[in-house]
Every structure is written in structure tokens, then in C-alpha cells.
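Comments concern the structure below.
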Amino acid sequence: MLTIDDFIETGALLTGHFRLSSGLHSDRYLQCAKLLMWPERAERAGRELASQLAEFSPQAVVSPALGGVVVGHEVARALHVRALFAERKDGSFILRRGFALGPGEHVAVVEDVYTTGGSTREVCTAVHEAGGTAVVVGSLVDRGLPAGAFPVAARSLLSLPVPSWPAEDCPLCAAGQPLESPGSRRPG
């Protein structure tokens, strides 16, 4: 079972002062790529998450690029369905590269980490716009979203409530600690 120890052992749990993809600041950052770079760990995490999503009978998995691609692929492998990913174009997620969904095709939207849930909701919208139906969302880690944060059921392997703050309320900014932006979506 995936635990916080997996993140610590692989160096995927970072401490410092970070700007998250959401724009919020935090003293901890989950660099899931450091966990997922180990194929056996990625496969195990994908199997575990797939076991929580299987009851929703997804016919495809769609993940946001870049952070969700590897875990989405592993979940799709375990579910024996297609793995697709959505990319940003002009600020919005869309399916590209010839990816398509059938009308009403049931989709699991899979992400590495939920912080605010914004990227996951955006990918749910992209699935809808492509003709599919998001039936469940899943992640490796939930950083503390409230129940009902998504319009469909949500599942995560690990709940890790980590404080985060708007920049203007960040105690690390107030203390003058240097800020890092390690995510794939860096502010311009």
C-alpha cells in the first residue's frame, strides 16, 4: 500500500517554500515524478488506485499533462483501458494528438496530487467537451480537499493535509524565505 514512507524514501516529499500550480504557497511539496520514476512503484500505485476506481467502470483514463501522465497510464494499464492525456492550449485543457472519446464514454480523470482540484476539474470539463462523461476522479495524494470538491466521486491513495496559503498570507514570504516553483505550470 502506498504510504508517506514511499514519498520520503524516493525523495518525493520536499520541504522548503514552494509556489504550487494553484498559485498557493506551502512549506511542503510532493514531487510525484520522483516516486513515479521507479517503474515498480509506479505500477504498484497505479494498480492500487485502479482498484478504487474500478467500481465506476471507466472505459478510458484521461490525465492532465504533465503531472498525471505516468500515473494515468499505470491506472489505465491496471484497468485494461486506454490512457489519454489533456494538454493546455491557450490556457485551457483539451485533448490533442488525435485523442478522442466516444459519445458518453465513461472516463476516470486521474491526477498525481489534488491541492485545490482546479486542474482535475478543468480536465473533467475537457472530457465533457470531447463528448465523454467523467464518472470518477482519482489521485495518488489528496492534500486536504473538502468533501464534494468535485462533481463526481473522488478517490485517493493517501490523504496528506498540508497547509497552503495565498501569497499575501504566507508566513514563509513574511519571513523572507526564498520561493521555489517546482511544478510543471510556472507563473509567467
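Examine the range 60-83 for a residue that is open to solvent by 70 Å² or more (accessible area, probe 1.4 Å) and modelled with pLDDT under 95, and state whether such a residue exists. Yes, the conditions are met somewhere in the range 60-83.
Considered as a group, the residues in the range 111-131 that are among the small types (Gly, Ala, Ser) and in a helix (DSSP H, G or I) include one that is nearest to Ala86 (Cα to Cα), and that residue is Ala126.
Rundown of residues vs (1) of a type outside the set (Lys, Arg); (2) touching a helix residue (DSSP H, G or I) at 6+ places or on another chain (Cβ under 7 Å); (3) closer than 15 Å to Pro58 by Cβ, yes/no style:
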position: Gly118; (1), (2), (3): yes, no, no
position: Val123; (1), (2), (3): yes, no, yes
position: Val135; (1), (2), (3): yes, yes, yes
position: Gly138; (1), (2), (3): yes, yes, yes
position: Phe150; (1), (2), (3): yes, yes, yes
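Taken over the range 46-67, the criterion of being out of contact with any Cys (no Cβ under 9 Å at 6 or more places or on another chain) and small (Gly, Ala, Ser) is satisfied by Gly46, Ala50, Ser51, Ala54, Ser57, Ala60, Ser63, Ala65.
As for the range 133-149, it holds no residue that is buried (at least 17 other Cβ atoms within 10 Å of the Cβ), at pLDDT 95 or above and part of a loop (DSSP other than H, G, I, E, B). Set side by side, the residues Leu140, Leu160, Leu179 differ, and just one is of a type in the set (A, V, I, L, M), in contact (Cβ under 8 Å) with a residue 60 or more places away in the chain and in contact with a His (Cβ under 6 Å, 6 or more places away or on another chain), which is Leu179.
For the range 84-104, check the following and say yes or no: at least one residue is in a helix (DSSP H, G or I) and either at pLDDT below 95 or open to solvent by less than 50 Å² (accessible area, probe 1.4 Å) (or both). Write out each step before concluding.
The first filter runs over the range 84-104 and keeps only residues in a helix (DSSP H, G or I), leaving none.
Within the range 84-104, not a single residue is in a helix (DSSP H, G or I) and either at pLDDT below 95 or open to solvent by less than 50 Å² (accessible area, probe 1.4 Å) (or both).
For the range 1-56, the set of residues classified as open to solvent by 10 Å² or more (accessible area, probe 1.4 Å), part of a strand (DSSP E or B) and of a type in the set (Phe, Trp, Tyr) consists of Tyr29 only.
The values are calculated or read from the model by the stated rules, or taken from the named source; none is laboratory data. Predicted model, so just to flag it, every value in this text is computed and none were measured. When we count neighbours, we look across all protein chains shown, and the Cβ atoms used for this are built from the backbone with ideal geometry, even at glycine. We work out accessible area using only protein heavy atoms, side chains counted, and drop any ligands, DNA or RNA first. Shrake-Rupley method; radii C 1.70, N 1.55, O 1.52, S 1.80 Å.
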